[in-house]
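For reference, the structure discussed in these notes is given below.
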Amino acid sequence: MNTDTVRPAVTELRLSAFKTHRGVTLPLTRLTLLSGESGSGKSSALQAYEILARLGSGEPLARAVGEVAGSPAACVPAGARPDEQGRRGFRIGCTVDGPAGPVSLDLAVQAEPELRIVGERLTGGGETLLTTALTDPNRPAVQAAWHTAGATPVTRAPLPDDRLGTSLLPLRVAGKTEGQRLVLAAAEQVVVALRSAFVCDPRPEVMRGVGTGGTGGAGQDGGCGADGAGGAGRGAGARRSGRGAGSGGGPGKPGGAGGAAGTAGAWGARKRKGSGGGEAGSWGRDTEGARGEGRLRSSCDNLPAVLERTSQECARRHAVLVAAVREACAGPVEGLRAVPRQAGGTGHGAADAAGVAGPAGSSGPQAGVVGVRAVLDRGALGELPVEQLGDGELRFLALALVLLTGPDVLAMDPVGEVPSAHQQMTVMADGMDRCMDPRQARELVSLALRMTDRGHVRLLGTVRDPSVAEGLPGVQVLHLGV
């Protein structure tokens, strides 16, 4: 049961019957990019992963499917015919490697006429650790059986049909026998890996509409000319979750501002006073606490507030971010910072830049300051508000910031009971190269490669142009629809 890492991570995604996929198995490495023509199923693969991640975090099935796919019927494979009882559904699964060895989770979900989990199987260590089956369609429960290996080889009990049984096992298994301890170790490994996911979809239109890092904008359909395989439009206040550890630092480019700290999650390791604990930024919630402490949301609409925080908390990592942005943006870039936005003013320039508003928990806002905005320092050319950047530049900035931070900086709920050294955060980025030219996209993939090499962050993304990864060792490109 030896593995390459002690940190739980999803190493295989199975799309047995999901949307356009049938019998598809996707091996996942630290940096995996999915490519293919429009309609090849790139986005739907990420959606299947996100449904599993939401279920692993304890979300009910209806919310997990509804938030990701819109409706249960949208997940059913095209052309699937109902049975005699009018039932149709989908099947997805994954394999998680970690201290307990490879552990497989497979789900059968009935989408019609009622949404419910009708079958679940957890296997590991050569044993079937958990099985569930729908035995009475009139009851909102499944019959579960889990490995005991004691006086009673199997324990049976009903579990709700709208929750992932694996996530409930730590509450039901005592861990008194060797078999029970194996079940607990496998279940906890799967749950930690699934919850350690952050779905990132920077929305330039809402990033420009906010500017202050305050309230979110209205939902909008996918911009930047996303193809038909792109994800559905999400509002600025879209919430995503998962749990995981901060990434390690990466070296700066020659002539840049130097390397980042090698400490895992340098930004994420510092919790803010007044934090709402596990509430802020968890699945389905977008609290004022998350805004106040500067935690980056999925749409990155509150980017200025987060930049204000991170630039103060870790100068070395911020320098790496500036160096990356310098490579991606047209024109000179000497710095990147947040400045006060004055009521009725421009929010930038010499007058406003005289002092930067303090972070959450400071003595109080400056007179007339209504928020902050992010600006690029262009040296002799002055300051440029980031909302005036192109769509590709904005998306690059947001995704680079995500790769350089940890879960305490992102709007997700860290696994506090697991040491950060034993965690890996998985960033999920649909349309990773959307709006970017090949140079920007390659620079972003190169940054992702440096960060994933540290072992604390993984990336699963989709790209239109797989050539952005050519010649970069350690990047796995999977071509769908071939």
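In table form, for the structure just shown:
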| item | result |
| --- | --- |
| Built amide H within the under 5 Å cut-off of L410, gap 5+ | L296 |
| In Hz, Karplus ³J(HN,Hα) per residue of segment 323-331 (6.51, -1.76, 1.60; θ = phi - 60°; x = Gly, Pro) | 4, 5, 5, 4, 6, 9, 9, 6, x |
| Peptides ranked, highest mean first, by Cβ atoms within 10 Å: ranges 426-433, 439-446, 401-408, 327-334 | 401-408, 426-433, 439-446, 327-334 |
| Ranking of K19, K176 by count of other Cβ atoms within 10 Å, fewest first | K176, K19 |
| Amide H contacts under 5 Å for T426, placed H, 5+ residues apart | A197, F198, R458 |
| Label-to-label distance, nm, for residues given as A78 and S38 (7 Å Cα→Cβ offset) | 1.4 |
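No value in this document is a laboratory result; all are computed from the given coordinates. The shown structure was predicted, so the numbers you read here are calculated from the model rather than taken from an experiment. In this analysis, Cβ positions are derived from the backbone assuming ideal geometry, glycine residues included, and neighbour counts consider all displayed protein chains.
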